[in-house]
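The values are calculated or read from the model by the stated rules, or taken from the named source; none is laboratory data. None of these values were measured; they are calculated from a predicted model. Ideal geometry is used to build each Cβ from the backbone, glycine not excepted, and the neighbour counts take in all protein chains shown.
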């Protein structure tokens, strides 16, 4: 029972003689981001630099008509593909980006959303894209067919390009690795050097393909504005 009006403010809730009321003082600390408490490492600095560079580049590609914050969609897409590509370089780890199940699941919804948005909100602009500027009137029906087909195969080319590049490198590494037990020691040392060189090349391909996928998706998005 309250003895007076101000007893509600007394630190009376306690367990093992520890007052719990004062914990409310520190609840605000939970709202502060974790990054605030950590000194950024070199890895964090490099990663933030990469993301900021991509943000500025994608912002330029989208142009002034691009929606604010839309670059983060493509940065997240780049990060997802990059991490999956690199994880696939480690032994006994499934490379999800080498399968059309994942690559098509990324490319098709993106392309479909761009098309639906463009045809609903910028119909005249989308029709104008079917006929390039300066096309002779005689060639206009053919250009419409060619542009329509090239537009329709975009998600397929995005998906197949990423999957094929991942499969090709992994397949080459596997085939060369399987020949190792049957080789003599001098040739085996050359094979190991070749495998290391191929692994470095595959690391570069992992970065390049994730960048290409994100940049092409950004270019497709910029065409519907």
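Points to keep in mind about this one:
Rundown of residues vs (1) within 22 Å of residue 220 (Cβ to Cβ); (2) in contact (Cβ under 8 Å) with a residue 60 or more places away in the chain, yes/no style:
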residue: 85; (1), (2): yes, yes
residue: 90; (1), (2): no, no
residue: 98; (1), (2): no, yes
residue: 101; (1), (2): yes, no
residue: 104; (1), (2): yes, no
residue: 125; (1), (2): yes, yes
residue: 137; (1), (2): no, no
residue: 140; (1), (2): no, no
residue: 143; (1), (2): yes, no
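- Filter result for residue 131 (modelled with pLDDT under 85 and surrounded by 13 or more Cβ atoms within 10 Å (Cβ to Cβ)): yes
- Considering residues of the stretch 83-104 that are out of contact with any helix residue (DSSP H, G or I) (no Cβ under 8 Å at 6 or more places or on another chain) and exposed (fewer than 13 other Cβ atoms within 10 Å of the Cβ) only, the residue farthest from residue 169 (Cα to Cα): 101
- Positions within the stretch 170-207 being within 24 Å of residue 74 (Cβ to Cβ) and in contact with a helix residue (DSSP H, G or I) (Cβ under 8 Å, 6 or more places away or on another chain), in sequence order: 202, 203, 205, 206, 207
- Restricting attention to the stretch 54-68, the residues that are loosely packed, with under 12 Cβ neighbours inside 10 Å and in a loop (DSSP other than H, G, I, E, B) total 5.
- Just so you know, in the stretch 152-175 the residues that are without any contact (Cβ under 8 Å) to a residue 60 or more places away in the chain and closer than 16 Å to residue 215 by Cα include one that is surrounded by the fewest Cβ atoms within 10 Å (Cβ to Cβ), and it is 157.
- Look at (1) part of a helix (DSSP H, G or I); (2) over 20 Å from residue 85 (Cβ atoms) and you find that residue 214 fails only one, number (2).
- Taking each residue of the stretch 26-53 that is part of a helix (DSSP H, G or I) and looking for partners that are modelled with pLDDT of 70 or more and loosely packed, with under 10 Cβ neighbours inside 10 Å with beta-carbon atoms closer than 9 Å, six or more apart or interchain, yields 44/38.
- Helices (runs of 4 or more DSSP H) fully within the stretch 69-141 that include at least 3 residues being under 17 Å from the mean Cα position of the chain (by Cα): 71-87, 100-121.
- Residue under evaluation residue 94, criteria (1) over 30 Å from residue 148 (Cα atoms); (2) modelled with pLDDT of 85 or more, criterion not met: (2)
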